[in-house]
Amino acid sequence: VQLQASGGGLVRAGGSLTLSCAASRTGFSISTLGWYRQAPGETREMVALLDRGGSINYADSVKGRFTISRDNAKTTVYLQMNNLKPEDTAVYYCNSRLWSTDYWGQGTLVTVSS
């Protein structure tokens, strides 16, 4: 499974960005897809997870602001980020979990200025 994330950039606080992660077709529709982030000096943390049945889990810090979605036909997972805050600044990684094996994209940097 190969993952290619894109969509990061510099945005002012209160702004929006949409991250995309294009995945290879292998097992996409049955994978749990997720977005994680890692801020400088911090450990990687889960941001949002979406399983193949449509169940979603968000980190408390992003609930009500971020939305994860998937397009199985395009084998792409998205993260819509609204009302961004400086503390959202991090490298964002997409993840695909297939049969207990994790696959990671290369990361895309999101910087939120105050």
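The values are calculated or read from the model by the stated rules, or taken from the named source; none is laboratory data. Here the structure is a predicted model, which means the values were calculated and not measured. Using ideal geometry, Cβ is built from the backbone for each residue, glycine included, and neighbour counts are taken over all protein chains shown. When the accessible area is computed, the model is the full protein with side chains, heavy atoms only, and any ligands, DNA or RNA have been set aside. Shrake-Rupley method; radii C 1.70, N 1.55, O 1.52, S 1.80 Å.
Convert each backbone phi in the range 61-71 into a coupling constant with the Karplus relation 6.51 cos²θ - 1.76 cosθ + 1.60 (shift: θ = phi - 60°), then list the ³J(HN,Hα) values in order as whole Hz, x for Gly and Pro.
Using θ = phi - 60°, the values come out as 5, 10, 4, x, 10, 10, 9, 9, 8, 9, 10 Hz.
What ³J(HN,Hα) values, in whole Hz, does the Karplus curve 6.51 cos²θ - 1.76 cosθ + 1.60 give for the range 13-20 when θ = phi - 60°, with x put for Gly and Pro?
Coupling constants for the range 13-20: 3, x, x, 10, 9, 10, 8, 10 Hz.
Work out how far the C-alpha atoms of the range 54-114 reach from end to end along every principal axis, then list the three figures in whole Å, largest first.
Extents along the principal axes: 40, 24, 22 Å.
When the label point is put 7 Å from the Cα of Ser61 along its Cα-to-beta-carbon vector, which residues of the range 30-47 have a backbone N closer than 12 Å?
Correct set: 36-47.
Need one word for the range 27-86: rounded, prolate or oblate. Basis is the Cα gyration tensor (sqrt eigenvalues a ≥ b ≥ c); a/c below 1.5 gives rounded, then a/b vs b/c decides.
Verdict is prolate for the range 27-86.
Using a 1.4 Å probe, what is the accessible area per residue for the chain, in Å²?
52 Å²
Considering only DSSP states other than H, G, I, E and B, which chymotrypsin sites (Phe, Trp or Tyr not before Pro) in the range 54-112 qualify as loop sites with at most 16 other Cβ atoms within 10 Å?
Passing both the DSSP loop test and the Cβ count: Trp99.
Starting from the amide H of Leu98, placed 1.01 Å from N in the peptide plane, find each other amide H under 5 Å away whose residue is 5 or more places distant or on another chain.
Tyr103
I'd like the carbon and sulfur percentage of the solvent accessible area for the chain, probe radius 1.4 Å, heavy atoms only, ligands and nucleic acids excluded.
So the carbon and sulfur contribution to the accessible surface is 47 percent.
Rounded to the nearest 10 Å², what accessible area does Val11 show when all protein chains are kept and the probe is 1.4 Å?
For Val11, the solvent-accessible surface is approximately 20 Å².
Just the ratio, please: alpha-carbon radius of gyration of the chain over 2.2 N^0.38 Å, N its number of residues.
After normalising by residue count via 2.2 N^0.38 Å, the value is 0.99.
Rounded to whole Hz and in sequence order, give me ³J(HN,Hα) for the range 104-113 from the Karplus expression 6.51 cos²θ - 1.76 cosθ + 1.60, θ = phi - 60°, writing x for Gly and Pro.
Listing the rounded values in order: 10, x, 7, x, 9, 7, 10, 10, 10, 8 Hz.
If you keep only loop residues by DSSP, which GluC sites (Glu not before Pro) in the range 18-107 have at most 11 other Cβ atoms within 10 Å of their Cβ?
Here the GluC sites (Glu not before Pro) that fit, given the DSSP loop and packing criteria, are Glu42.
Return a whole-number percent for the relative contact order of the chain, with Cα pairs under 8 Å and 6 or more residues apart as the contact set.
Answer for the chain is 37 percent.
Quick one: putting +1 on the C-beta of Lys and Arg, -1 on the C-beta of Asp and Glu, what dipole do you get for the chain around its Cα centre, in Debye to the nearest 20?
240 debye
Between the DSSP loop rule and a limit of at most 13 other Cβ atoms within 10 Å, which trypsin sites (Lys or Arg not before Pro) in the range 1-60 are left?
Answer by residue number: Arg25.
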